[in-house]
Structure formats: C-alpha cells, structure tokens
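The values are calculated or read from the model by the stated rules, or taken from the named source; none is laboratory data. Fair warning: this is a prediction, and the values are worked out from it, not measured in the lab. When we count neighbours, we look across all protein chains shown, and the Cβ atoms used for this are built from the backbone with ideal geometry, even at glycine. Accessible surface areas use protein heavy atoms only, side chains included; no ligands, DNA or RNA. Shrake-Rupley method; radii C 1.70, N 1.55, O 1.52, S 1.80 Å.
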Amino acid sequence: MGNKMTKYIPLILSGVLLNAFAQLLLKKGMLGIGYFEVRFQNLFPIIKKVAVNAYILSGLGAYVVSVAIWLVVLARVEVSYAYPFLSVGYVVVTLMGYFIFQENLSWMRVMGISVIILGVILLSRS
C-alpha cells in the first residue's frame, strides 16, 4: 500500500502548495482593498473591487487548479493517506505570512509547525 501511494506524494504536495500560494495571493489582494465594514451598503462596492483585483483573481485561479489537482489525487490514493498532507499548507502559509506580510510567528506557532512537519513525515512513511 505505502509504496504504491508514495509515488503520488509529488502530486499531493503540488496541489497543497498551489492551494497555499492561492491563499497568499488572496491575502495580498485583500490587503490592497483594505479594511471595510461588513454591511449591506458595502457589498457591491467591495465585490467590484474584488472582481478587478489581479491578486484576488490570480488566487482564485490558483485555488481552482489546486482543487482540480486534489480531485486527481483523490482518484488515485486513499483519502486517509492524502488528507493529512493538507497540513503542509498550514506550515507554508504560516511561514510565508511571517516572511512576506510580517505576521506574528511566536514560539508556540513554531512548536506547532514542528509537530505538523513531524506528523507528515511519519504519515508519509506509514
């Protein structure tokens, strides 16, 4: 079982990493739009800004492609094997959030990332 599925790790990771990249593009786009009150009268002006934001459109496109890759993954491997690899996305987004957007990276988050990485390594070998 393991050997058959391990050959799909590059495909799994490409989908996961593309999804993480999509999240970063969406964040960059929303930073460009800025803070807004969530109220009905803001709905259409915000939709208009979102619809023409290149980062958001690119992020949505990357997300769609990542979902397509994930569908291919699910057709080839057990979901119980593939699904935990999604946690790699948490690691990538957390680290890129720190480096790109100067978001907080506390020691507790670093410890959590370490546990996730260890878990994915153990899972990939099971």
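Set side by side, the residues MET96, MET108 differ, and just one is touching a helix residue (DSSP H, G or I) at 6+ places or on another chain (Cβ under 6 Å) and open to solvent by 30 Å² or more (accessible area, probe 1.4 Å), which is MET96.
When VAL92, VAL72 are checked against the criterion of being among the hydrophobic types (A, V, I, L, M, F, W, C) and within 17 Å of ALA20 (Cα to Cα), a single residue qualifies: VAL92. Counting only helices (runs of 4 or more DSSP H) that fall entirely inside the stretch 1-104 and contain at least 2 residues that are farther than 19 Å from ILE116 by Cβ, among the β-branched types (Val, Ile, Thr) and in contact (Cβ under 8 Å) with a residue 24 or more places away in the chain, the qualifying elements are 54-76.
Each residue in the stretch 30-66 was checked for being in contact with a Leu (Cβ under 7 Å, 6 or more places away or on another chain) and open to solvent by 100 Å² or more (accessible area, probe 1.4 Å), and 1 pass.
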